[in-house]
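Student: Sharing a structure here in structure tokens format.
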Amino acid sequence: MSETYLAPAVNIYWQLFELYGLNPKQAFQELDLDPSVMDDPSGRYPYVAIDKLWKRLADESADPCLGIKAARFWHPSYMGALGYAWLSSSSLKTALKRYDRYSRILTEGAIITVEEDKDCLSLILEYKDISLKQPTRSDSFFSYITEMCRANYGPEFAPTLLNLAHPAPESEECIQEFHDYFRCPVVFEAPKYRMCITHDIAYQKLRSSTPKMAQLNDQFMIDYLANLDDKDIVSRVKAQIIKQLASGNVTDASVASELYMSVRTLQRHLKALDTTFKTLLNEVREDLAIKYLSDSSFSIGEITFMLGYREPSSFNRAFKRWTGDSPTAFRERLSA
């Protein structure tokens, strides 16, 4: 299947065309894009066509600050479950990690990763070869992220640094617009596209945190990714593991049954991908354990049950094996 882009997010493009007094209907028609697909929460457009749509918008608007203006039209509904999971995340770090994990729902033309070092948490944008790698489209990505962080953290949010790989705009007025919007040093012609956020800001517990809502949206996104690519057996297995965890009896047999295949067939598929059912089960449990421990409303006992362990001691041993910390010590370190 060729790379695609989530259709509801293209509503932003339509509004930008109108902002500049341009005709979005004509642009969509000439690129063979049906506008009604934007109203379908699961609708998708070919990534290459959307990339061309942005290029047309950039060329016709002739505004080097186009990408920054895109942020004013951001809305969580344009990102589906990813947008609402973002808003219910316990911290910006959790939100950014969620974006990293599920960004393929939004776009299959770029790779978004989160890295952490002693100085900051970094969000890195890289394009696949099919992309036109447009400067203003890169700007729009970081302006969306900034707007999303302000929606969670508060209007005072500002990254500590923004590195942009493209040259600076020729207009001094536009350069000033970058600094006014991001409220941090902006470095042009940097080695890579990268936004840095201080640890204090990234780890701060957010008032908007709703872990159970975030969990529901995570499950939806895993299902969505599995349906996006039927050959993605790993996502399909993980989706079933999450559904069955609380039963305390999730096995390769129970998952294989839900996927309408034999245990042997499931094992063969996973072996071809150099993984096993046990590995995926541990990955899901570790991922969910960290999320649940970030929310103080869940007791260790409740988390033990939700992860499908019979005894807290079993969960304790597994978590220490994954992270080096006990669940209690890990939670204390988060709240320190």
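The values are calculated or read from the model by the stated rules, or taken from the named source; none is laboratory data. Predicted, not measured: the structure shown is a model, and the values here were computed from it. Methodologically, a virtual Cβ is constructed for each residue, glycine included, from the backbone with ideal geometry; neighbour enumeration extends over all protein chains shown.
Table: residues versus (1) closer than 24 Å to Y144 by Cβ; (2) modelled with pLDDT under 90.
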site	(1), (2)
V186	yes, no
E189	yes, no
R207	yes, yes
N249	no, yes
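Student: What tally of residues in region 96-113 results from selecting those that are closer than 25 Å to D40 by Cβ and assigned to a helix (DSSP H, G or I)?
Tutor: 7
Student: If a residue counts only when it is within 24 Å of the chain's Cα centre (by Cα) and of a type outside the set (A, V, I, L, M, F, W, C), which helices (runs of 4 or more DSSP H) contained entirely in region 232-336 have at least 3 such residues?
Tutor: Numbers: elements: 233-244, 252-258, 263-272, 277-293, 300-306, 312-323, 327-335.
Ranges flagged: 233-244, 277-293.
Student: Somewhere in region 71-82, is a residue out of contact with any helix residue (DSSP H, G or I) (no Cβ under 7 Å at 6 or more places or on another chain) and either polar (S, T, N, Q) or in a helix (DSSP H, G or I) (or both)?
Tutor: Checked region 71-82: at least one residue is out of contact with any helix residue (DSSP H, G or I) (no Cβ under 7 Å at 6 or more places or on another chain) and either polar (S, T, N, Q) or in a helix (DSSP H, G or I) (or both).
Student: Has region 308-318 got any residue that is hydrophobic (A, V, I, L, M, F, W, C) and either within 24 Å of Y102 (Cβ to Cβ) or free of Cβ contacts under 8 Å to residues at least 24 places away in the same chain (or both)? Give the derivation first.
Tutor: Initial filter on region 308-318 (hydrophobic (A, V, I, L, M, F, W, C)): 315, 318.
Subsequent filtering for residues that are either within 24 Å of Y102 (Cβ to Cβ) or free of Cβ contacts under 8 Å to residues at least 24 places away in the same chain (or both) retains none.
Within region 308-318, not a single residue is hydrophobic (A, V, I, L, M, F, W, C) and either within 24 Å of Y102 (Cβ to Cβ) or free of Cβ contacts under 8 Å to residues at least 24 places away in the same chain (or both).
Student: Please determine, by comparing only the residues of region 48-63 that are of a type in the set (A, V, I, L, M, F, W, C) and either out of contact with any helix residue (DSSP H, G or I) (no Cβ under 8 Å at 6 or more places or on another chain) or not assigned by TED's automatic domain parsing to the domain that holds K25 (or both), which one is surrounded by the fewest Cβ atoms within 10 Å (Cβ to Cβ).
Tutor: Residues of region 48-63 that are of a type in the set (A, V, I, L, M, F, W, C), as a first pass: 48-50, 53-54, 57-58, 62.
Narrowing further to those that are either out of contact with any helix residue (DSSP H, G or I) (no Cβ under 8 Å at 6 or more places or on another chain) or not assigned by TED's automatic domain parsing to the domain that holds K25 (or both): 48-49, 62.
Working: V48: 17, A49: 15, A62: 8.
Looking at residues that are of a type in the set (A, V, I, L, M, F, W, C) and either out of contact with any helix residue (DSSP H, G or I) (no Cβ under 8 Å at 6 or more places or on another chain) or not assigned by TED's automatic domain parsing to the domain that holds K25 (or both), I get A62.
Student: Answer yes or no: is there a residue in region 176-191 that is at positive phi and part of a loop (DSSP other than H, G, I, E, B). Lay out the reasoning, then the answer.
Tutor: Here is the first cut: in region 176-191, the ones at positive phi are 183, 189.
Within this subset, residues satisfying the condition of being part of a loop (DSSP other than H, G, I, E, B) are 183, 189.
Taking every residue of region 176-191 in turn, at least one turns out to be at positive phi and part of a loop (DSSP other than H, G, I, E, B).
Student: Could you run through region 118-168 and say how many residues are of a type in the set (K, R), in contact with a Gly (Cβ under 8 Å, 6 or more places away or on another chain) and surrounded by fewer than 17 Cβ atoms within 10 Å (Cβ to Cβ)? Lay out the reasoning, then the answer.
Tutor: Initially, region 118-168 is screened for residues of a type in the set (K, R), giving 118, 128, 133, 137, 150.
Of the ones still in play, those that are also in contact with a Gly (Cβ under 8 Å, 6 or more places away or on another chain) are 128, 137.
Next, from what is left, pick out any that are surrounded by fewer than 17 Cβ atoms within 10 Å (Cβ to Cβ): 128.
Qualifying residue count, region 118-168: 1.
Student: Given the conditions (1) in contact with a strand residue (DSSP E or B) (Cβ under 9 Å, 6 or more places away or on another chain); (2) of a type outside the set (S, T, N, Q); (3) in a helix (DSSP H, G or I), which single one is not true for E173?
Tutor: For E173, the failing item is (1).
Student: For the condition crowded, with 20+ Cβ neighbours inside 10 Å, at pLDDT 90 or above, in the same structural domain as A190 (by TED's automatic domain parsing) and under 11 Å from the mean Cα position of the chain (by Cα), what is the one hit in A70, A85, A110? Break it down stepwise before answering.
Tutor: Details: A70 fails: under 11 Å from the mean Cα position of the chain (by Cα); A110 fails: under 11 Å from the mean Cα position of the chain (by Cα).
Within the list A70, A85, A110, the selection yields A85.
Student: Turning to a different aspect of this structure: Of the conditions (1) part of a helix (DSSP H, G or I); (2) over 30 Å from K291 (Cα atoms); (3) of a type in the set (A, V, I, L, M, F, W, C), L33 satisfies every one except a single condition; which number is it?
Tutor: Single failed check for L33: (1).
Student: Please determine whether any residue of region 81-99 is of a type in the set (F, W, Y) and touching a Lys or Arg at 6+ places or on another chain (Cβ under 8 Å). So that I can check it myself, show each step before the final result.
Tutor: Initial filter on region 81-99 (of a type in the set (F, W, Y)): 84, 86, 99.
Okay, now just the ones that are also touching a Lys or Arg at 6+ places or on another chain (Cβ under 8 Å), so 86.
There is at least one residue in region 81-99 that is of a type in the set (F, W, Y) and touching a Lys or Arg at 6+ places or on another chain (Cβ under 8 Å).
Student: Considering every residue within region 174-192, establish whether at least one is touching a residue at least 40 places away in the same chain (Cβ under 8 Å), among the β-branched types (V, I, T) and either in contact with a Leu (Cβ under 8 Å, 6 or more places away or on another chain) or outside the structural domain of P64 (by TED's automatic domain parsing) (or both).
Tutor: Just the residues of region 174-192 that are touching a residue at least 40 places away in the same chain (Cβ under 8 Å), to begin with: 174, 177-178, 181-182, 192.
Those still in the list that are among the β-branched types (V, I, T) too: none.
No, region 174-192 contains no residue that is touching a residue at least 40 places away in the same chain (Cβ under 8 Å), among the β-branched types (V, I, T) and either in contact with a Leu (Cβ under 8 Å, 6 or more places away or on another chain) or outside the structural domain of P64 (by TED's automatic domain parsing) (or both).
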